[in-house]
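Enquirer: Just dropping this structure here.
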Amino acid sequence: MLYSGPAFSATAVGDGIVELKFDLTGDSVNKLNQAALRDFDAATQAIAKDSSVKGVIVTSGKPVFIVGADVTEFGGMFAAGEEGVAKGVLEVNRMLSRFEDLPVPTVAAINGVCLGGGLELALACDYRVMSTAASVGFPEVKLGIFPGFGGSVRMPRVIGIDNAIEWIAAGADKKPDVALKDGAVDAVVAPEKLRDAALAMVRQAIDGKLDWKAKRAEKLAPVKLNGIEQLMAFNSAMAVVGAQAGPNYPAPMLVLRSMQEGATKGRDEALVIEGKAFAKAAVTPQANALIGLFLADQVVKKTAGTWAKKATAEIKQAAVLGAGIMGGGIAYQSASKGTPIIMKDIRSEALDIGMNEAGKLLSKQVEKGRMKPEAMSATLSRIRPTLNYGDFKEADIVIEAVVENPKVKKAVFAELEGLIREDTIIASNTSTISITFLAEGLKRPQNFVGMHFFNPVHMMPLVEVIRGKQSSDAAVATTVKLAQKMGKTPIVVNDCPGFLVNRVLFPYFAGFHMLLRDGADFQAVDKAMERFGWPMGPAYLMDVVGMDTAVHAAGVMAEGFPDRMQPDFTSTTQVLVEQKRYGQKTGKGYYSYEPDKKGKPKKSPDPATYELVKGVVAERREFAPEEIVARCMVPMVNEIARCLEDKIVATPQEADMSLIYGIGFPPFRGGACRYVDQMGAANFVALADKYASLGKLYDAPRLLRDMAAGNRKFFG
């Protein structure tokens, strides 16, 4: 053995060939942390010193090749500032270049996931052989950065400028067929043939049948395009990428400019350019937020996994009460992930709507080639529509999705409890009503939980699992496990009106309503909040949610938190609801809606809205975008802090991910807690105090005031 370390080993395998194997000690995956990189460099230098080596294959001792760099180390690395980051990545690039400069041919055997820094290491090899079970890609833009270990330098030289831009700026994983077609890998073979194929390729290079020196030279030289061709390629790409990324995601444009500047230079000079541009991206607030979200997502998934391990039962048969769009969406989600589900309603028309909803979603999968017709038929067969409770003894869980009315729900539960097994869990899909309150009168409240899906069910990743005062750990754990099985991200929250997401959303709406009361134009508010990063402004969101639903939920919230959520004025939304303008579902709300060419509702301004709300708003006046943002966001952030104080949600990570997954909080801002951290708690409290005259919603809670006084952050 030439070398053995905690991450890499270099072993002679005959004919002068060395196998450089990455098998990180104490971890289930291979990732390029600082220790592993140092070990890689030590192994490289050991190989370089052995004159008997004629070729190298790089393999993995784990089911993945390399998942990328260790994201948990980014905080410490990026804290070094722009200059320190540039210096750090240049040192890593020197390690990869030392490997690339070995005087022998090198082949990477990509057996599984190979992303980010893993693909950059593979690109430092002369050839790449890929398993049909593997995937490759550069996901870094999703973290607000871009490939900084030579990926943006080597990739254009390997697959051309246009392909490299698409790979790097889009951040998508690539299947073997695409990787081979684009030229990112040189061969694709079955998993069991991978190592032999890599050995065969390196032997061909050693024997002179493959010109590895010429192939390597292309990576060391400038990109093979003349100045005019390069200018055209980059200019056209910048127009497209710039429009897609927008002003809130700077990394794609930074990498394009870096690639353009480096394309005319040799490898080493281009790597310096890449390092400086990478450092600029790394110290942006967007990178801080997006990396923070990645780490928060890991916390959320780990917490859900801990809950799921506590489950004492397996959900083999589910049931949903209430069909229609929501019930049909829940039934589709359950059946599509393999859990049979009974769908009950009291009206056959509702069952038809539910089945049509499931069928429509499955048909789209077939149309896009993601599902075969026979798989669609099998999925639909797992949904059993019924008008009676006949088979409910089979159900391990019953998800209630009837009308959002506590009297109706309680009546349903009273009837249901006598028709199911004693161990069956009842989960209410209520969006605002207290689970503890709904459990009153139940014989087995320990088996009752909340399971709040977000609409549309098939698209929204979050499920709030709500723990009432008498909900058992077993019921919560089993419900979490089912949510995971359904392909969702469950977050356990404690009970209160609105739970977590709606509890913090309605103060945001209250800020919006106060702005309109004081003379703001709802279209100007929408534009300001969309520029802030929300996918839609509050007026548009009201229309999409359904304003009758929003008014009902606001009433529940006002009753639950009268000190701050009971308005002392009539809102514009209430006026519009009185006029039967419920939003998209009636064609009119704040905006008017007409179907576009694809049948989707397209909004347009409606002058009638201004006339209808005249009696409850002040004379129109202009508000600065910063004031609009502050008046909408301060109540939301304050309420998140109160939820943490009240132990409704356990951690800032779960709070932020709930907003990202549940209501589309701007990802590049990282969530409400990250938003405070980036602003500074003292600055946020000062902003809240500026608007204190607007009421208790603007009164920063004790948690934030203590953080401001102690100069503390949610995320240290």
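Enquirer: Can you tell me how many residues in the stretch 577-603 are in a loop (DSSP other than H, G, I, E, B) and in contact (Cβ under 8 Å) with a residue 24 or more places away in the chain?
Expert: 5
Enquirer: In the stretch 465-496, which residues are within 19 Å of the chain's Cα centre (by Cα) and small (Gly, Ala, Ser)?
Expert: 483, 487
Enquirer: I'd like to verify a number: residues in the stretch 207-222 that are among the aliphatic types (A, V, I, L, M), closer than 23 Å to residue 260 by Cβ and either in contact (Cβ under 8 Å) with a residue 40 or more places away in the chain or surrounded by 15 or more Cβ atoms within 10 Å (Cβ to Cβ) (or both), how many?
Expert: Summing the residues that are among the aliphatic types (A, V, I, L, M), closer than 23 Å to residue 260 by Cβ and either in contact (Cβ under 8 Å) with a residue 40 or more places away in the chain or surrounded by 15 or more Cβ atoms within 10 Å (Cβ to Cβ) (or both) in the stretch 207-222 gives 2.
Enquirer: Moving to a separate point now. Considering the stretch 178-188 alone, what residues qualify as being among the acidic types (Asp, Glu) and in contact with a strand residue (DSSP E or B) (Cβ under 7 Å, 6 or more places away or on another chain)?
Expert: Once the filter is applied, which keeps residues that are among the acidic types (Asp, Glu) and in contact with a strand residue (DSSP E or B) (Cβ under 7 Å, 6 or more places away or on another chain), the stretch 178-188 yields only 186.
Enquirer: Do we find a residue being under 24 Å from residue 328 (Cβ atoms) and either touching a strand residue (DSSP E or B) at 6+ places or on another chain (Cβ under 6 Å) or of a type in the set (A, V, I, L, M) (or both) anywhere in the stretch 465-472?
Expert: Among the residues of the stretch 465-472, at least one is under 24 Å from residue 328 (Cβ atoms) and either touching a strand residue (DSSP E or B) at 6+ places or on another chain (Cβ under 6 Å) or of a type in the set (A, V, I, L, M) (or both), which makes the answer yes.
Enquirer: Let me confirm something: among 459, 547, 486, 542, which residue is under 17 Å from residue 659 (Cβ atoms) and hydrophobic (A, V, I, L, M, F, W, C)?
Expert: Going through 459, 547, 486, 542 in turn, just one is under 17 Å from residue 659 (Cβ atoms) and hydrophobic (A, V, I, L, M, F, W, C): 459.
Enquirer: Only one of 688, 692 is within 23 Å of residue 564 (Cβ to Cβ) and in contact (Cβ under 8 Å) with a residue 24 or more places away in the chain; which?
Expert: Working: 692 fails: in contact (Cβ under 8 Å) with a residue 24 or more places away in the chain.
It is 688.
Enquirer: Would you check if there is a residue in the stretch 151-158 being out of contact with any strand residue (DSSP E or B) (no Cβ under 6 Å at 6 or more places or on another chain), farther than 19 Å from residue 125 by Cα and surrounded by 22 or more Cβ atoms within 10 Å (Cβ to Cβ)?
Expert: no
Enquirer: Which residues, counting only those in the stretch 669-681, are closer than 24 Å to residue 541 by Cβ and buried (at least 20 other Cβ atoms within 10 Å of the Cβ)?
Expert: 669, 670, 671, 672, 673, 674, 675, 676
Enquirer: Still on this model: Could you list all residues from the stretch 182-210 that are farther than 14 Å from residue 135 by Cα, in a helix (DSSP H, G or I) and among the charged types (D, E, K, R)?
Expert: Of everything in the stretch 182-210, those that are farther than 14 Å from residue 135 by Cα, in a helix (DSSP H, G or I) and among the charged types (D, E, K, R) turn out to be 192, 193, 195, 196, 203.
Enquirer: Give the number of residues within the stretch 372-391 that are farther than 25 Å from residue 424 by Cα and either part of a helix (DSSP H, G or I) or at pLDDT below 90 (or both).
Expert: Counting residues in the stretch 372-391 that are farther than 25 Å from residue 424 by Cα and either part of a helix (DSSP H, G or I) or at pLDDT below 90 (or both) gives 6.
Enquirer: Quick one: what pairs do we get from the stretch 167-181, first residue within 21 Å of residue 241 (Cβ to Cβ) and in the same structural domain as residue 145 (by TED's automatic domain parsing), second charged (D, E, K, R) and surrounded by 15 or more Cβ atoms within 10 Å (Cβ to Cβ), C-beta under 8 Å, 6+ apart or different chains?
Expert: From residues that are within 21 Å of residue 241 (Cβ to Cβ) and in the same structural domain as residue 145 (by TED's automatic domain parsing), the pairs are 167/174; 167/182; 168/140; 171/140; 171/142; 174/182.
Enquirer: Let me ask something additional. Taking the criterion of being closer than 14 Å to residue 616 by Cβ, in contact (Cβ under 8 Å) with a residue 12 or more places away in the chain and outside any loop (DSSP other than H, G, I, E, B), would at least one residue in the stretch 553-570 satisfy it?
Expert: No, the stretch 553-570 contains no residue that is closer than 14 Å to residue 616 by Cβ, in contact (Cβ under 8 Å) with a residue 12 or more places away in the chain and outside any loop (DSSP other than H, G, I, E, B).
Enquirer: Consider residue 371 against the criteria (1) crowded, with 16+ Cβ neighbours inside 10 Å; (2) in contact (Cβ under 8 Å) with a residue 24 or more places away in the chain: it satisfies all of them except one. Which criterion is unmet?
Expert: Condition not satisfied by residue 371: (2).
Enquirer: When you check residue 455 against the structure, is it at pLDDT below 95 and under 20 Å from residue 503 (Cα atoms), yes or no?
Expert: Criteria met by residue 455.
Enquirer: Okay, moving on. For the stretch 250-274, give me the residue count where each residue is assigned to a helix (DSSP H, G or I) and under 20 Å from residue 238 (Cα atoms).
Expert: Of the residues in the stretch 250-274, 15 are assigned to a helix (DSSP H, G or I) and under 20 Å from residue 238 (Cα atoms).
Enquirer: So which of 704, 697 is part of a helix (DSSP H, G or I), assigned by TED's automatic domain parsing to the domain that holds residue 565 and closer than 17 Å to residue 505 by Cα? Talk me through it step by step, then tell me what you get.
Expert: On the way: 704 fails: closer than 17 Å to residue 505 by Cα.
Just a single option satisfies the conditions, and that option is 697.
Enquirer: Here's something else I'd like to know. Pairs only if they're at least six apart or on different chains, beta carbon under 7 angstrom, first in the stretch 91-102 and aromatic (Phe, Trp, Tyr), second in a helix (DSSP H, G or I) and crowded, with 20+ Cβ neighbours inside 10 Å; list them, first residue then second.
Expert: 99/44
Results for (1) among the hydrophobic types (A, V, I, L, M, F, W, C); (2) in contact with a strand residue (DSSP E or B) (Cβ under 6 Å, 6 or more places away or on another chain), shown as yes or no for each residue.
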site	(1), (2)
645	no, no
653	no, no
661	no, yes
664	no, no
668	yes, no
679	yes, no
690	no, no
695	no, no
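Enquirer: Residues that are among the aliphatic types (A, V, I, L, M) and crowded, with 23+ Cβ neighbours inside 10 Å: list the helices (runs of 4 or more DSSP H) wholly contained in the stretch 36-142 that include at least 1 such residues. Walk me through how you get there before you give the answer.
Expert: Working: elements: 74-78, 81-100, 117-123.
In the stretch 36-142, 81-100, 117-123 are the helices (runs of 4 or more DSSP H) which contain 1 or more residues that are among the aliphatic types (A, V, I, L, M) and crowded, with 23+ Cβ neighbours inside 10 Å.
Enquirer: Condition first: more than 23 Å from the chain's Cα centre (by Cα) and buried (at least 23 other Cβ atoms within 10 Å of the Cβ). Now tell me which residues in the stretch 283-321 satisfy that.
Expert: 318, 319, 320, 321
Enquirer: Checking the conditions here, which among 49, 21, 31 is in the same structural domain as residue 149 (by TED's automatic domain parsing), in contact with a Leu (Cβ under 8 Å, 6 or more places away or on another chain) and either at pLDDT 95 or above or among the acidic types (Asp, Glu) (or both)?
Expert: 31
Enquirer: If only one of 464, 422, 417 is of a type in the set (Asp, Glu) and in contact with a helix residue (DSSP H, G or I) (Cβ under 7 Å, 6 or more places away or on another chain), which one is it? Explain how you work it out, then say what you get.
Expert: Details: 422 fails: in contact with a helix residue (DSSP H, G or I) (Cβ under 7 Å, 6 or more places away or on another chain); 417 fails: in contact with a helix residue (DSSP H, G or I) (Cβ under 7 Å, 6 or more places away or on another chain).
Selected residue: 464, the only one of 464, 422, 417 that is of a type in the set (Asp, Glu) and in contact with a helix residue (DSSP H, G or I) (Cβ under 7 Å, 6 or more places away or on another chain).
Enquirer: What are the pairs, 6+ residues apart or on separate chains, where a residue within the stretch 61-84 that is without any contact (Cβ under 8 Å) to a residue 40 or more places away in the chain has its Cβ under 9 Å from a residue that is outside any helix (DSSP H, G or I) and surrounded by 14 or more Cβ atoms within 10 Å (Cβ to Cβ)?
Expert: Listed pairs, sorted by first residue: 70/31; 70/32; 70/33.
Enquirer: Right, here's the next one. Can you tell me how many residues within the stretch 572-604 are under 16 Å from residue 514 (Cα atoms) and either over 34 Å from the mean Cα position of the chain (by Cα) or surrounded by fewer than 21 Cβ atoms within 10 Å (Cβ to Cβ) (or both)?
Expert: Here the count works out to 3.
Enquirer: Check 660, 648, 628 and return the single one that is at pLDDT 95 or above, crowded, with 16+ Cβ neighbours inside 10 Å and part of a loop (DSSP other than H, G, I, E, B).
Expert: Selected residue: 648, the only one of 660, 648, 628 that is at pLDDT 95 or above, crowded, with 16+ Cβ neighbours inside 10 Å and part of a loop (DSSP other than H, G, I, E, B).
The values are calculated or read from the model by the stated rules, or taken from the named source; none is laboratory data. What you see is a predicted model; the values in this text were computed from it and never measured. Reconstructed Cβ throughout: ideal geometry from the backbone, glycine too, with neighbour counts over all protein chains shown.
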